[in-house]
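Before any comments, here is the structure.
The values are calculated or read from the model by the stated rules, or taken from the named source; none is laboratory data. Since the model is a prediction, treat every value here as computed from it, not as a measurement. Here the Cβ positions follow ideal geometry from the backbone for every residue, glycine too, while neighbour counts run over all protein chains shown. SASA here: full protein model, heavy atoms, side chains in, ligands and nucleic acids out. Shrake-Rupley method; radii C 1.70, N 1.55, O 1.52, S 1.80 Å.
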Amino acid sequence: MKKVLITGAAGFLGSHLCDRFIKEGFHVVGMDNLITGDLKNIEHLFGLSQFEFYHHDVTKFVHVPGKLDYILHFASPASPIDYLKIPIQTLKVGALGTHNLLGLAMEKGSRILIASTSEIYGDPLVHPQTEDYYGNVNTIGPRGVYDEAKRFQESITMAYHRFHGLDTRIVRIFNTYGPRMRLNDGRVIPAFMGQALRGEDLTVFGDGSQTRSFCYVDDEVEGIYRLLMSDYTDPVNIGNPHEITIKQFAEEIIKLTGTDQKIIYKPLPQDDPMQRRPDISRAKEILGWEPVVGREEGMKRTFDYFKTLSKEELVKTEHRNFKDRNRK
Ligand code: UDP
């Protein structure tokens, strides 16, 4: 049985990847420090002999007994409000965590796939974003902690690939959504859906003319799986190129949720990218991949998930244990 280590296993994307690799017949080792992840996302896997879980922070030395065929490094805060609240951990998991996992891959002879992001393009001056674009990042801005950690992550991964001949893959993930997103993670989809469920007005930042392109989680996981199994070692954008302004998106959510909420406008956060859309020519050509779930269907599935949350979970809360977390 092939064995895979997935870091960030209790997070949104990590937990869906665990499901996918279990389905493919792998032995899955999940690892998470549970700072932003939630065991609820993987509790259905705990009874399986194919699954084991380590509560561990990958910025500390990582050890997994036995062989490891593949490593997927998905541990990281992934929402702008998380990087503002836990900036040092965000930098550490992208830098020190990646270094530890590359070392583990060397030791075990594993192929390693690193989760990078559209954020490495910053507030892009090239549109749509191709993998050849170097990006436009404010290194000292509040989002810089995530962007630069991920840029360093790509650099050190390529250095291990070139210098040590390590078998590496780099996926650049664009805004992905679906069930198991954290309702209070501050990102636009859980924010709008939570507001609709609580009967609050939808908060659009800025004038809402900024754009994003949202990819349903099943499509994202399929692209990641294909990239891991390919022999392609340069970065690949995996995202949905269907672009929409945030204002139009808020209107779509109001329609989908059947509520009569209004849109209210709040200041645009610093360095909020004005446009984002992946050019997925490379993924199409190399992986034969493109997204198949449309926004209407994907949003419906996501809203159905949020509707199953309890009243307490719906209450707008600050992050649990936020104070404890800051002291770590
Ligand atoms: N946004 C918004 N209202 C919210 C949350 C986010 O208008 O309540 C905007 C945000 O300013 C950004 C876009 O939605 O332009 C996507 O934000 P998100 O935090 O989901 O992710 P990003 O793509 O910025 O990393």
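Only one of these is modelled with pLDDT of 95 or more, open to solvent by 80 Å² or more (accessible area, probe 1.4 Å) and among the basic types (Lys, Arg): Arg327, Arg282, Arg277, Arg301. Name it.
Numbers: Arg327 fails: modelled with pLDDT of 95 or more; Arg282 fails: open to solvent by 80 Å² or more (accessible area, probe 1.4 Å); Arg277 fails: open to solvent by 80 Å² or more (accessible area, probe 1.4 Å).
Going through Arg327, Arg282, Arg277, Arg301 in turn, the sole match is Arg301.
Identify, by number, the condition in (1) under 27 Å from Ile286 (Cα atoms); (2) at pLDDT below 95 that Val126 doesn't meet.
Looking at each condition in turn, Val126 falls short on (2).
Condition check ((1) aromatic (Phe, Trp, Tyr); (2) more than 25 Å from Val145 (Cα to Cα)) across all residues:
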{"residue": "Val204", "(1), (2)": "no, no"}
{"residue": "Phe214", "(1), (2)": "yes, no"}
{"residue": "Leu227", "(1), (2)": "no, yes"}
{"residue": "Gln270", "(1), (2)": "no, no"}
{"residue": "Met274", "(1), (2)": "no, no"}
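Here is a yes/no grid of residues against (1) in contact with a Pro (Cβ under 6 Å, 6 or more places away or on another chain); (2) more than 8 Å from the ligand (Cβ to nearest atom); (3) not in a strand (DSSP E or B):
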position: Phe163; (1), (2), (3): no, yes, yes
position: Ile170; (1), (2), (3): yes, yes, no
position: Pro179; (1), (2), (3): no, yes, yes
position: Leu183; (1), (2), (3): yes, yes, yes
position: Ala196; (1), (2), (3): no, yes, yes
position: Glu200; (1), (2), (3): no, yes, yes
position: Thr203; (1), (2), (3): no, no, no
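Do you know which of the residues in segment 241-277 that are touching a Lys or Arg at 6+ places or on another chain (Cβ under 9 Å) and in a helix (DSSP H, G or I) is nearest to the ligand (Cβ to nearest atom)?
Across segment 241-277, the extreme among qualifying residues is Ile246.
Out of everything in segment 1-55 that is in a strand (DSSP E or B) and either among the charged types (D, E, K, R) or at pLDDT below 95 (or both), what residue ends up being surrounded by the most Cβ atoms within 10 Å (Cβ to Cβ)?
Taking segment 1-55 and keeping what is in a strand (DSSP E or B), we get 3-7, 27-32, 51-55.
Then drop every residue that is not either among the charged types (D, E, K, R) or at pLDDT below 95 (or both), which leaves 3, 32, 52.
Values: Lys3: 20, Asp32: 27, Glu52: 15.
Only one residue tops the list, namely Asp32.
Mind checking which pairs have a first residue in segment 227-246 that is within 13 Å of Leu113 (Cβ to Cβ) and a second that is of a type in the set (D, E, K, R) and more than 15 Å from the ligand (Cβ to nearest atom), Cβ under 6 Å, 6 or more apart or different chains?
Leu227/Arg169; Leu228/Arg169; Pro235/Glu131; Val236/Arg282
Right, Val145: touching a helix residue (DSSP H, G or I) at 6+ places or on another chain (Cβ under 8 Å) and part of a strand (DSSP E or B) or not?
Working: touching a helix residue (DSSP H, G or I) at 6+ places or on another chain (Cβ under 8 Å): yes; part of a strand (DSSP E or B): no.
Judged against the criteria, Val145 is not a match.
Is segment 214-233 home to any residue that is among the small types (Gly, Ala, Ser) and within 12 Å of the ligand (Cβ to nearest atom)? Before the answer, list the steps.
Here is the first cut: in segment 214-233, the residues among the small types (Gly, Ala, Ser) are 223, 230.
After this cut, where a residue has to be within 12 Å of the ligand (Cβ to nearest atom) as well, the list is none.
Looking through segment 214-233, none of the residues is among the small types (Gly, Ala, Ser) and within 12 Å of the ligand (Cβ to nearest atom).
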